[in-house]
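Step one of this worksheet: look at the structure below.
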Amino acid sequence: MSSFRTRLRQTAQGSRGRQMGFAAQAASKPTPQLLVIAIVEEASSDGALIESGAGALISTSLDALEAVVAAADDVPVGVRVDATTVATAEQAREAGVDFIAFNDAETEAEALLEPEPGRVLLIESDVDDERLKSFSGMRLDAIITAPPVHPLMVRDQLALRRIADRAGAPLIAPSAEAPGTATLHAWRNAGVLAVLVPGDEALVQATVKAAAAVPAPTPIRDEERGIALVPSAGDG
């Protein structure tokens, strides 16, 4: 399992309020509700972005990839290659990346024969159910969606939730600006576990701060669950 997938799993566990006992809870820092991923173009920016709170990095340059991975230490690093080929997948693998972000319409199937690096799918906003269900068999680490609209309407939130549910993978939402806490809260409730932002220290720091203020989900009590309005077969 890639370290990026592990980070996402830890974030998912934190967003569900999962505890490992009182002692473990007291000894460890709270798990953030959303992971902040920063875009990098060169290794020299790694340290500042990680210091700002980025929990993962994604490179847009294959040429700088090896240096970016080396400078990131134990922070997961991925690479975005929309049209991934066998050659670029091998280059990424040799550089030690945790995941490749790819477009399924442009990527060679042979490039994804190996289970590692992890797979992050880039999709457009309008995807039908059949195609979404087909993604569930790809062992995806996550899905990068189109940037969510702002303000997010209930219908938009349900559309994001549909992608996560049908494809069986958490969502990564791109944002050119630092989303507020309420926005991140709505995204989290739609299945978003990570936010992808440009590699700007102040932007990363602001997004991390907003994400830290997102409250943990409130468990649904039995009395709040839906009421069945259809009588059972035994009702008179």
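The values are calculated or read from the model by the stated rules, or taken from the named source; none is laboratory data. Note that the structure is predicted; figures quoted are calculated from it, not measured. Glycine also receives a Cβ, built like all others from the backbone with ideal geometry; neighbour counts cover every protein chain displayed. Surface areas here come from the heavy atoms of the whole protein model, side chains and all, with no ligands, DNA or RNA. Shrake-Rupley method; radii C 1.70, N 1.55, O 1.52, S 1.80 Å.
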- What accessible area per residue, rounded to a whole number of Å², is obtained for segment 23-137 using a probe radius of 1.4 Å? 49
- Query: What is the extension gain from residue 106 to residue 83, computed as 0.36 nm multiplied by their sequence separation minus the C-alpha to C-alpha distance, in nm to one decimal?
  - Reply: 7.8 nm
- Peptides ranked, highest mean first, by Cβ atoms within 10 Å: ranges 112-123, 69-80: 69-80, 112-123
- Message: I'd like to know how segment 154-200 sits against the 2.2 N^0.38 Å rule of thumb: what's its Cα Rg over that expected value?
- Response: 1.13
- Item | For segment 118-127, Karplus couplings with θ = phi - 60° (6.51, -1.76, 1.60), whole Hz, Gly/Pro x | x, 10, 10, 8, 9, 10, 7, 6, 9, 10
- In whole Hz, with x marking every Gly and Pro, tabulate ³J(HN,Hα) for segment 38-48 from phi via Karplus 6.51 cos²θ - 1.76 cosθ + 1.60, θ = phi - 60°. 10, 7, 10, 10, 8, 5, 4, 8, 3, x, 5
- Message: Over all directions, how big on average is the projection of the convex hull of the alpha-carbon atoms in segment 84-176, in square nanometres?
- Response: 6.3
- Task: Rounded to the nearest Å, what's the spacing between the alpha carbon centres of segment 182-209 and segment 44-118? Just the number, please.
- Result: 20
